[in-house]
Amino acid sequence: MTPDTRPSRVSSLERRYLSGTFAELCRIESPSGLERACADRVIAELRALGVSAQEDDAAARVGSDCGNLLARIPAAPATSSGPGAADRPLAGTTAGFARPARILLCAHLDTVPLLAPVEPVLVDGCWENANDGVLGADNKAALAVMLALARHICREGSPVDVELLFTVCEETALAGARAFDSSRLSSDFGYVFDHASPIGEVVLDSPTHFRIEASFHGAAAHAGIRPEQGRSAILAAAHAIAAMRVGRLDEQTTVNVGTIAGGSAMNVVPERCSVVAEARSLDESRGEAAVAEVVDRMHEAANLPQCECDVDIAVQRTFSGFHLTAGRAAVRVAEQALRACGHEPVPIVSGGASDANALLADGVEVVNLANGTERNHEPGERVSVAALEQMLDVALALLDAAAQAAPGRAR
């Protein structure tokens with residue numbers, strides 16, 4: 001049975017709520033560090049359901065106007081008679097356990113810079129930005145699904161306890177999740193809905209990430225009168241970048257130069273220039289080798305006769321990669337839920353990262369699931385109405401599958 005032919009548990013009213021909420025969340029601009037308005041909307045939606053959201057103190061530590069949000073919805077007996085209700089487990093009946101299973105769902109409140117105002121429009125069944133900018137489906141699609149899930153289980157009941165975690169500054173090296181105190185969680189395992197690929201894909205491998213920041217220091221001089229007395233920091237940075245291997249270095253490793261900034265005026269030999277680059281690899285040793293190569297190119301460029309600049313370089317290992325085995329409880333539950341919704345699970349290796357990296361590094365068993373969004377981080381980003389609805393079905397199926405499975409860990 002495919003997702004198109006399988007009876008959905010999502011009612012027509014829930015479908016309207018899901019799409020409407022998604023569009024409204026997209027209109028609330030929330031680039032990293034400016035998530036307050038989006039967080040307030042999430043808090044208001046949960047409050048209307050009688051669910052409180054606790055905000056932590058991460059804001060000051062990660063440079064945001066808002067902290068991470070954590071909400072809890074306890075298990076309650078199912079009251080619905082909708083499709084499959086007779087087959088769904090009752091709250092408190094998790095086999096072999098005195099309490100219901102507990103499951104975490106996680107999404108982030110922030111987006112990358114949007115490049116243009118967001119005006120969501122439907123084009124051939126897909127939400128897009130009418131303007132030439134990012135839509136924000138990464139991760140507003142997951143936020144809308146989680147709010148719709150909360151609305152559903154508050155009315156219809158849930159076979160498991162549910163924790164909802166909404167993080168800030170995910171797009172800036174997972175800063176919010178890394179600042180979150182995971183000891184506040186009590187879930188047996190959980191899921192992040194944050195991979196822009198077809199529903200059914202399950203991320204089992206993700207890379208370790210390094211941030212490389214360089215500041216080139218030269219000497220300022222009038223560009224038309226005394227250029228010989230100047231030493232161009234921008235020229236040194238340009239030589240360094242031109243000498244680097246960037247893009248995909250091998251099947252596991254990538255390097256990117258993300259930003260460059262420097263100079264003061266058109267007619268001044270630039271005294272300063274800063275460069276921010278990254279390296280990431282599924283093999284940490286390869287990632288470290290890539291970092292060393294980038295650093296070498298920077299030093300070599302600074303010492304060129306035509307540059308003669310100083311350079312200060314800082315390298316930060318921002319987050320760890322992971323490898324999950326198919327036998328882990330969270331993976332098995334995800335596979336069961338996906339199949340129940342007509343999606344064949346597909347294990348994948350990703351070059352991207354998510355809050356799953358930070359939570360796993362902190363000992364929380366989570367799995368990142370693809371949510372059907374497309375072209376994230378770029379103009380043309382979109383998500384279909386069908387994908388939103390199917391992810392809500394998957395989220396509901398995760399609760400059922402978790403209730404039937406032995407928890408993989410106890411906190």
Practice prompt. Would you point out the residue of the range 346-392, among those that are assigned to a loop (DSSP other than H, G, I, E, B) and aliphatic (A, V, I, L, M), that is nearest to residue 318 (Cα to Cα)?
Written response: 353
Worksheet, complete the sentence: Only one of 162, 192 is outside any loop (DSSP other than H, G, I, E, B), in contact with an Asp or Glu (Cβ under 6 Å, 6 or more places away or on another chain) and buried (at least 20 other Cβ atoms within 10 Å of the Cβ), namely 192
Item to complete: Sort out which residues of the range 285-315 are under 16 Å from residue 254 (Cα atoms) and polar (S, T, N, Q), and write them in order of number.
Response: 285
Practice prompt. Report yes if residue 146 is touching a strand residue (DSSP E or B) at 6+ places or on another chain (Cβ under 8 Å) and open to solvent by less than 10 Å² (accessible area, probe 1.4 Å), otherwise no.
Written response: yes
Discussion item. Checking the structure you have, find out if any residue of the range 87-95 is modelled with pLDDT of 95 or more, open to solvent by 10 Å² or more (accessible area, probe 1.4 Å) and of a type outside the set (A, V, I, L, M).
Written reply: no
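The rows are residues; the columns are (1) open to solvent by 70 Å² or more (accessible area, probe 1.4 Å); (2) within 30 Å of residue 200 (Cα to Cα).
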residue: 10; (1), (2): no, yes
residue: 17; (1), (2): no, yes
residue: 22; (1), (2): no, yes
residue: 26; (1), (2): no, yes
residue: 33; (1), (2): no, no
residue: 40; (1), (2): yes, no
residue: 46; (1), (2): no, yes
residue: 56; (1), (2): no, no
Worksheet entry | Which listed residue is touching a helix residue (DSSP H, G or I) at 6+ places or on another chain (Cβ under 7 Å), open to solvent by less than 30 Å² (accessible area, probe 1.4 Å), aliphatic (A, V, I, L, M) and in contact (Cβ under 8 Å) with a residue 12 or more places away in the chain, from 279, 290 | 279
Item to complete: Report yes if some residue within the range 27-41 is at pLDDT 95 or above, in a loop (DSSP other than H, G, I, E, B) and among the β-branched types (Val, Ile, Thr); otherwise report no.
Response: yes
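One line per residue, one yes/no per condition, for (1) buried (at least 23 other Cβ atoms within 10 Å of the Cβ); (2) more than 16 Å from the chain's Cα centre (by Cα); (3) touching a residue at least 60 places away in the same chain (Cβ under 8 Å):
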site: 321; (1), (2), (3): no, no, yes
site: 331; (1), (2), (3): no, yes, yes
site: 338; (1), (2), (3): yes, yes, yes
site: 357; (1), (2), (3): yes, no, yes
site: 381; (1), (2), (3): yes, no, yes
site: 395; (1), (2), (3): yes, yes, yes
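The values are calculated or read from the model by the stated rules, or taken from the named source; none is laboratory data. None of these values were measured; they are calculated from a predicted model. Here the Cβ is made from the backbone with ideal geometry for all residues, glycine too, and neighbour counts use every protein chain on show. Quick note on the areas: whole protein, heavy atoms, side chains included, nothing else; ligands and nucleic acids left out. Shrake-Rupley method; radii C 1.70, N 1.55, O 1.52, S 1.80 Å.
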